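K.L.:
Questions regarding the structure given below will be posed in turn.
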Amino acid sequence: MLAKVTSGALIGIEAYPVEVEVDIAQGLPQFSTVGLPEGAVKESKDRVKSAIKNSGYDFPPRRITINLAPADIKKDGAAFDLPIAIGLLCASGLIESRSLDNYVLLGELSLDGRIKPVRGVLPIAASAGSWDKQRLILPAENAEEGAVANGPDIYPVKDLGEVVALLNGEINKSPYTSCPPLQAGPAQMPGDDFSEARGQENVKRALEVAASGAHNLLMNGPPGSGKTMLARRLPTILPELSFEEALETTKIHSVFGLLSRQNALVNIRPFRNPHHTISDAGLIGGGSYPRPGEVSLAHNGVLFLDELPEFKKNVLEMLRQPLEDGQVNISRAALSLTYPADFMMVAAMNPCPCGFLGDPLHHCNCTPPMIQRYRSRLSGPLLDRIDLHVEVPRVPHKDLTDPEPAESSAQIRARVNRARTIQRQRLASHGLYANAQMQARHIQKFCKLNAAGEKLLEQVTDRLGLSARSYTRILKLARTIADLADSKTIETLHLAEAIQYRSLDRKV
């Protein structure tokens, strides 16, 4: 007898329907799965067999064939356990086949029939409506995640017996509703605030400019000057996530299995801080079956790279595409995937190998060739893609003990929000939301300089030997600084501030 059950799988962060076909035929007992199953899918036969028996049902001792269609795409993960088990029970006559027509099923089975949570529920729930399916059966632990999509009716279940009873109409179960309704929240992270950061007013200003225009930033200073502490507080001054941004960010975390049961919607901007020993696949994404990397997990948030020159050079060079395009393309022989990676990159480094170059209180023993080799670990093309280079000096004692309270994150975020509002109004017709996204045609239109500004920028470009990319980055920075000042035109003062943020373009 033949039975068909609809499930779902993922390609990147997009879902597609998988039709689980179960055929029970005469012959010697055999259980085979076709349709390019990966390891976890191949092993499902043992979990399904034990779960059916331990739930009190008879497992058919016949020739069983499971087909996962479309058969030309690899299937990965344990989410097919439940649809395979329900297909077997339907083919055995325990479930009416018509009752499955409007359902999508997901879930991993334990040997006693309990249903365990799976990853990637949100993209499938968001797409199930377009498959003409109005109901989604999934593990109870994934109910909140499935409800985020505002798509099909969610029916959370705990064990195989409950699914059978639900499909046979033996129990009445209301669709799951999230309470309170899910929505994106404030950007503030618990415990972090700029009011706790003493001194470093120039660095705080640079972080405010970076947040206002979504610019990338590199902090250069001795150990203990507060680079990491300030970077961790950057998300607290970024604009709040819109629901659409939160949903897209949550999809990526769902695919990676990072969502908590208590908070199924990522409602604060991500802050990712990978160690410098990370591999290229860990940072950009990849693997035999490509998964998102840290740049995608930082989508709509901040990617912080501490001790930037300590990262492998080939790993850093892979950042060029996501920094330029806001996405990552991963190509393999079998498939090609695109993951979103629109993030702000914030990096920190020491000025030299020992870290004390230019520090008046510590002697630096590094020779000029050593300093040059250290800085040469960062290529010119990568530095060109970083808008702000900020010097972070050691904090003097008088600033550390200053009783006057520093400016809070809420006060800074209010100015950032005003600047972002100006940019959205200016760039909305071009499909952009921040100055950092502007291309050459937008810069030519919105970043015009007066005669004094043109002369100043010409002198700086010739003296420092700036590349064309650095030139455009200065113009975009100047536009953001002008927006913070609520100025419709870029004045010489705004341009001068943007130029002084290119410190690493100078020779050692």
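K.L.:
Quick one: would you say Lys49 is under 33 Å from the mean Cα position of the chain (by Cα) and of a type in the set (Lys, Arg)?
P.N.:
Here the answer is no, as Lys49 does not meet what is asked.
K.L.:
I've got another one for you. Can you pull out every residue in the stretch 411-434 that is assigned to a helix (DSSP H, G or I), touching a residue at least 12 places away in the same chain (Cβ under 8 Å) and open to solvent by less than 60 Å² (accessible area, probe 1.4 Å)?
P.N.:
Listed by number, the residues that qualify are Ile412, Arg413, Val416, Asn417, Ala419, Arg420, Ile422, Gln423, Arg426, Leu427.
K.L.:
If you go through the stretch 359-377, how many residues are open to solvent by 60 Å² or more (accessible area, probe 1.4 Å), in contact (Cβ under 8 Å) with a residue 60 or more places away in the chain and more than 15 Å from Glu310 (Cα to Cα)?
P.N.:
Looking only at that region, the number is 2.
Here's the yes/no breakdown for (1) in a helix (DSSP H, G or I); (2) not polar (S, T, N, Q):
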{"residue": "Asp359", "(1), (2)": "no, yes"}
{"residue": "Asn365", "(1), (2)": "no, no"}
{"residue": "Gln372", "(1), (2)": "yes, no"}
{"residue": "Pro381", "(1), (2)": "yes, yes"}
{"residue": "Ile386", "(1), (2)": "no, yes"}
{"residue": "Asp399", "(1), (2)": "yes, yes"}
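K.L.:
Return yes when Glu245 is within 30 Å of Ala197 (Cα to Cα), assigned to a loop (DSSP other than H, G, I, E, B), at pLDDT 90 or above and out of contact with any strand residue (DSSP E or B) (no Cβ under 8 Å at 6 or more places or on another chain) and no when it is not.
P.N.:
When the stated conditions are applied, Glu245 does not pass them.
K.L.:
Could you figure out which of (1) loosely packed, with under 14 Cβ neighbours inside 10 Å; (2) not charged (D, E, K, R); (3) not in a loop (DSSP other than H, G, I, E, B) isn't true of Gly27?
P.N.:
(3)
K.L.:
Cβ contacts < 8 Å: first residue closer than 12 Å to Leu283 by Cβ and touching a residue at least 60 places away in the same chain (Cβ under 8 Å), restricted to the stretch 316-327; second residue crowded, with 20+ Cβ neighbours inside 10 Å and of a type in the set (Val, Ile, Thr), any location; separation 6+ or different chain. Result?
P.N.:
Leu319/Ile284; Leu319/Val295
K.L.:
Could you check Thr338 against (1) open to solvent by less than 10 Å² (accessible area, probe 1.4 Å); (2) assigned to a strand (DSSP E or B); (3) touching a residue at least 60 places away in the same chain (Cβ under 8 Å) and say which number it fails?
P.N.:
Failing condition for Thr338: (1).
K.L.:
Also, quick follow-up: Considering only helices (runs of 4 or more DSSP H) fully contained in the stretch 440-508, which possess at least 1 residues that are among the hydroxyl-bearing types (Ser, Thr, Tyr) and under 30 Å from the mean Cα position of the chain (by Cα)?
P.N.:
Working: elements: 440-446, 451-464, 468-484, 492-499.
Counting at least 1 such residues, we get 468-484.
K.L.:
I need the helices (runs of 4 or more DSSP H) fully contained in the stretch 274-328, keeping only those with at least 3 residues that are at negative phi and surrounded by 20 or more Cβ atoms within 10 Å (Cβ to Cβ).
P.N.:
On the way: elements: 280-284, 294-297, 313-317, 320-325.
Of the helices (runs of 4 or more DSSP H) lying wholly inside the stretch 274-328, those with at least 3 residues that are at negative phi and surrounded by 20 or more Cβ atoms within 10 Å (Cβ to Cβ) span 294-297.
K.L.:
Considering only residues of the stretch 50-80 that are acidic (Asp, Glu) and over 22 Å from Leu28 (Cα atoms), which is surrounded by the fewest Cβ atoms within 10 Å (Cβ to Cβ)? Break it down into steps so the answer makes sense when it comes.
P.N.:
If we filter the stretch 50-80 for residues that are acidic (Asp, Glu), which is where we start, we get 58, 72, 76.
If we keep only those that are over 22 Å from Leu28 (Cα atoms) too, we end up with 72, 76.
Working: Asp72: 8, Asp76: 19.
Looking at residues that are acidic (Asp, Glu) and over 22 Å from Leu28 (Cα atoms), I get Asp72.
K.L.:
Within the set of pairs 6 or more residues apart or between chains, which connect a residue that is more than 15 Å from Phe59 (Cβ to Cβ) inside the stretch 8-37 to a residue that is of a type in the set (Phe, Trp, Tyr) and not in a strand (DSSP E or B) with Cβ atoms less than 7 Å apart?
P.N.:
Pro17/Trp131; Val20/Phe80
K.L.:
Still on this structure, please answer the following. Mind checking which residues of the stretch 252-276 are closer than 11 Å to Leu305 by Cα and hydroxyl-bearing (Ser, Thr, Tyr)?
P.N.:
In the first step, residues of the stretch 252-276 are kept if they are closer than 11 Å to Leu305 by Cα; the result is 271-276.
Result: no residue meets the conditions.
K.L.:
Condition first: within 12 Å of the chain's Cα centre (by Cα), among the charged types (D, E, K, R) and surrounded by fewer than 24 Cβ atoms within 10 Å (Cβ to Cβ). Now tell me which residues in the stretch 240-259 satisfy that.
P.N.:
Glu245, Glu248
K.L.:
Have a look at Arg394, Arg415, Arg385 and point out the one that is more than 24 Å from Gln444 (Cβ to Cβ), touching a Leu at 6+ places or on another chain (Cβ under 8 Å) and at pLDDT below 95.
P.N.:
Answer to the selection: Arg394.
K.L.:
Turning to a different aspect of this structure: Suppose the filter is open to solvent by 50 Å² or more (accessible area, probe 1.4 Å) and either free of Cβ contacts under 8 Å to residues at least 40 places away in the same chain or not in a loop (DSSP other than H, G, I, E, B) (or both); does Arg47 pass it?
P.N.:
For Arg47, the condition - open to solvent by 50 Å² or more (accessible area, probe 1.4 Å) and either free of Cβ contacts under 8 Å to residues at least 40 places away in the same chain or not in a loop (DSSP other than H, G, I, E, B) (or both) - is not met.
K.L.:
Inspect the stretch 58-80 for any residue being assigned to a loop (DSSP other than H, G, I, E, B) and of a type in the set (Ser, Thr, Tyr) and give the result as yes or no.
P.N.:
no
K.L.:
If you don't mind, there's one more thing I want to ask. Among all residue pairs at least 6 apart or on different chains, which show Cβ distances below 8 Å where the first residue, located in the stretch 488-504, is polar (S, T, N, Q) and the second is buried (at least 17 other Cβ atoms within 10 Å of the Cβ)?
P.N.:
Going by the 8 Å Cβ cut-off, the qualifying pairs are Thr489/Ala482; Thr492/Gly453; Ser503/Asn220; Ser503/His389; Ser503/Val390; Ser503/Glu391.
K.L.:
Name the single residue that is nearest to Gly161 (Cα to Cα) among those in the stretch 81-126 being open to solvent by 20 Å² or more (accessible area, probe 1.4 Å) and not in a loop (DSSP other than H, G, I, E, B).
P.N.:
Only one residue tops the list, namely Arg114.
The values are calculated or read from the model by the stated rules, or taken from the named source; none is laboratory data. Note that the structure is predicted; figures quoted are calculated from it, not measured. No Cβ is skipped: glycine too gets one built from the backbone with ideal geometry, and neighbour counts run over all protein chains shown. SASA here: full protein model, heavy atoms, side chains in, ligands and nucleic acids out. Shrake-Rupley method; radii C 1.70, N 1.55, O 1.52, S 1.80 Å.
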